[in-house]
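Quick notes on the structure that follows.
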């Protein structure tokens, strides 16, 4: 089994699958014209990042961040930890 192991304060984020997007009139919007997703799931962290993030965390990251790679058929984004803006967490309602 192979995996991507980031180094130097980088994080590997698995991009969430995008659903086919249509306008109200039913016209399919091509992938090149859609806004890129800014959410993903952390699948790899470098050694210095483990205090804030862990594998399996859902995160929101900056626009135009990192390098997109395809590895064994899956799309990933390798981004600096500083480009992660927030972690999505579950909370109890008040």
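Quick note: the coordinates plus some simple rules give every number you see, no bench work behind them. Computed from a prediction, not measured in an experiment: that's the story for all the values here. FYI the Cβ positions are ideal-geometry reconstructions off the backbone, even for glycines, and counts take in every protein chain you see.
A few notes on this one:
- Ranking of 28, 91, 81 by neighbouring Cβ atoms within 10 Å, starting from the fewest: 91, 28, 81.
- Footprinting exposure proxy ranking of 65, 54, fewest other C-beta atoms within 10 angstrom first, gives 54, 65.
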